[in-house]
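As structure tokens, the structure follows; a few thoughts come after it.
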Amino acid sequence: FFFQAEDGIRDFCLSRGLGDVYKRQEQWTRKIKEVLTAAEKEKPVPNSSSALIEYWRSKCAALSTVYQQLSLPVVAVTKRRVQDKYAQDGSMTTVIEFESAMKELLKEYGEAKDNVKFLTTLERQFKTLASDELSSVEETLPSLMNGLRLVWTISKHYKNDDKIADLITTISNEICEKVKKHVEVKSLLPVSYTHLTLPTIYSVQISVVAVSLKKK
């Protein structure tokens, strides 16, 4: 990925010209940006709670691979040599770009790890939502809402109102689709209410729950 077979010696930087060292750090910077851009384009498929967990696991694994390689001693040697040279020349552009890319990588990797950790606590409920048993879905809702409240309270990233709202929207849409598949709306609602769509009804219900969570 970042290191080729010829880079196997522990302190390869010491055996190469300084120009090669500069190029290698520039290559690392480009590769980090490419990985982050590719990760940003990925979306959960299908748009469900279970798929959301797999999405964050996949992103976490990809960023972890990059982070682990850039944590090798050879990277520290390269950074030190480049910094020493650019400090003498008065130009730190390559160093600044690399540090900026690393900072963004650490931020995205930290978010992915955090989201995997907290969403995994809801995995049992998410699997129930994916089942075809409406009675099981109904039974899991109280524990699901309690779990969501805990995630919203403790998680560093899902503490953000927009992110927890997106998560709740994903769950509510999944429930709506499940109910639409198994329930005839007209048999449950008076004629005067049949102009409302089931997703609208459930979206309102989930929104009310979300607001109540926020107030607690």
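Please specify each residue of segment 38-50 satisfying the condition of being more than 16 Å from Ile175 (Cα to Cα) and over 13 Å from the mean Cα position of the chain (by Cα). Scanning segment 38-50 gives a single hit, Val45. Taking every residue in segment 127-156 that is closer than 23 Å to Val183 by Cα and pairing it with any residue that is open to solvent by 60 Å² or more (accessible area, probe 1.4 Å) and modelled with pLDDT under 90, at least 6 positions away or on another chain, the pairs with Cβ-Cβ distances below 6 Å are Leu134/His182. Taken together, the residues in segment 93-125 that are surrounded by 18 or more Cβ atoms within 10 Å (Cβ to Cβ), within 20 Å of Leu167 (Cα to Cα) and over 17 Å from the mean Cα position of the chain (by Cα) amount to 1. The conditions of being at pLDDT 85 or above and among the basic types (Lys, Arg) are met by Lys159. Within segment 19-69, the only residue that satisfies the criterion of being within 29 Å of Leu129 (Cβ to Cβ), assigned to a helix (DSSP H, G or I) and either among the β-branched types (Val, Ile, Thr) or touching a Cys at 6+ places or on another chain (Cβ under 6 Å) (or both) is Ile53. Among residues of segment 28-57 that are free of Cβ contacts under 8 Å to residues at least 12 places away in the same chain, those with a beta-carbon under 7 Å from a residue that is β-branched (Val, Ile, Thr) and open to solvent by 60 Å² or more (accessible area, probe 1.4 Å) at least six positions away or on a different chain give the pairs Ala51/Val45.
Given the criteria touching a Leu at 6+ places or on another chain (Cβ under 9 Å), modelled with pLDDT under 85 and exposed (fewer than 14 other Cβ atoms within 10 Å of the Cβ), does His195 qualify? In short, no.
The values are calculated or read from the model by the stated rules, or taken from the named source; none is laboratory data. Just so you know, these numbers come straight off a predicted model, no measurement behind them. A quick note on method: Cβ atoms are made from the backbone with ideal geometry, for glycine too, and the neighbour counts reach across all protein chains shown. Surface areas here come from the heavy atoms of the whole protein model, side chains and all, with no ligands, DNA or RNA. Shrake-Rupley method; radii C 1.70, N 1.55, O 1.52, S 1.80 Å.
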